[in-house]
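Participant: This structure is in structure tokens; I'll ask about it shortly.
Computed from the coordinates by the stated procedures, all read-outs in this text should not be read as laboratory data. Here the structure is a predicted model, which means the values were calculated and not measured. With ideal geometry, Cβ positions are generated from the backbone for all residues, glycine too; neighbour counts draw on all protein chains shown.
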Amino acid sequence: MKYSEELPLSAQFYKLFETTGWNDNYELNPEELYTALKNSWYTISVFDNNQFVGFGRIICDGIAHALILDCIVHPDQQGKGIGKEIMNKLVVKCKKHKIRDIQLFSAKDKAGFYEKLGFEKRKNESPGMGLKKYW
């Protein structure tokens, strides 16, 4: 596996993103999705024999807050430690810059994976809210 800070091609990422089902809600076209990636603070792309198989990214203010998003491993490659390595690289980047608060968006059924990496579910009384499609 090759881990790279370079962005994949737009079409490569769109194809991987579509494996998650998330775009059913977001309804992003390839150009919109790629613009979002380019606006990231840090990205990790994973290639297996030149096949794009994994990705993760951070949006961050560079000092206090970071948000990990789009940790994706192609379904055919899951269970091989790729997601764990992606997350490790993302967290190490935050720690290197002494980011004080690392948050994470994750699918509900993936909570156990992230808990093994030290993340905790927010308590019901904890701060934080979300706004879904508002238009």
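Participant: Sorted by packing (mean other beta-carbon atoms within 10 Å per residue), highest first, where do 7-16, 68-77 land? Show your work: numbers first, answer last.
Facilitator: Values: 7-16: 16.6, 68-77: 18.9.
Output ranking for 7-16, 68-77: 68-77, 7-16.
Participant: Also, quick follow-up: Based on the Kirkwood radius over alpha-carbon pairs, what value in µm²/s does the Stokes-Einstein equation return for the translational diffusion coefficient of segment 2-116 at 20 °C and 1.002 mPa s? Intermediate values should be presented prior to the final figure.
Facilitator: Numbers: Rh = 14.4 Å.
Estimated diffusion coefficient is 148 µm²/s.
Participant: Please state, to two decimals, what the Cα-based radius of gyration of segment 17-68 comes to when divided by 2.2 N^0.38 Å (N = residues).
Facilitator: On the way: Rg = 12.6 Å, N = 52, 2.2 N^0.38 = 9.9 Å.
Taking N as the residue count of segment 17-68, the ratio is 1.28.
Participant: What share of all Cα pairs of segment 51-92, in percent, falls into each consecutive 5 Å distance bin?
Facilitator: Percent of pairs per bin, in order: 5, 23, 30, 19, 12, 6, 4, 0.
Participant: At what distance in angstrom do the alpha carbon centres of segment 1-28 and segment 54-110 lie from each other?
Facilitator: 14 Å
Participant: Counting Lys and Arg as +1 and Asp and Glu as -1, each charge on the Cβ, what is the dipole of segment 26-129 about the Cα centre in debye, to the nearest 20?
Facilitator: Computed charge dipole of segment 26-129: roughly 580 debye.
Participant: Taking +1 at the Cβ of each Lys and Arg and -1 at the Cβ of each Asp and Glu, which of LEU117, ALA107, ILE86 sits farthest along the dipole of the chain towards its positive end, judged by Cα position relative to the Cα centre?
Facilitator: It is LEU117.
Participant: Please list, by residue number, everything in segment 25-57 whose backbone N is under 19 Å from a paramagnetic label point 7 Å out along Cα→Cβ of ASN88.
Facilitator: Output list for this probe position: 43-49, 53-57.
Participant: Rank by packing, highest mean first: peptides 36-46, 106-116, 89-99, with packing defined as the count of other Cβ atoms within 10 Å averaged across residues. List each step's numbers first, then the result.
Facilitator: On the way: 36-46: 17.6, 106-116: 11.7, 89-99: 15.2.
Sorting 36-46, 106-116, 89-99 by mean packing, highest first, produces 36-46, 89-99, 106-116.
Participant: Using 15 Å as the cut-off for backbone N distance, which residues of segment 22-56 belong to the label zone defined by a point 7 Å from the Cα of LEU117 along Cα→Cβ?
Facilitator: Only 42-46, 54-56 pass the distance filter.
Participant: For segment 10-43, which GluC sites (Glu not before Pro) pass both filters: DSSP loop (anything but H, G, I, E, B) and at most 13 other C-beta atoms within 10 Å? The partial results should precede the final answer.
Facilitator: Details: sites: GLU18, GLU27, GLU31, GLU32; in loops: GLU27.
Those that pass, being in a loop and sparsely packed, are GLU27.
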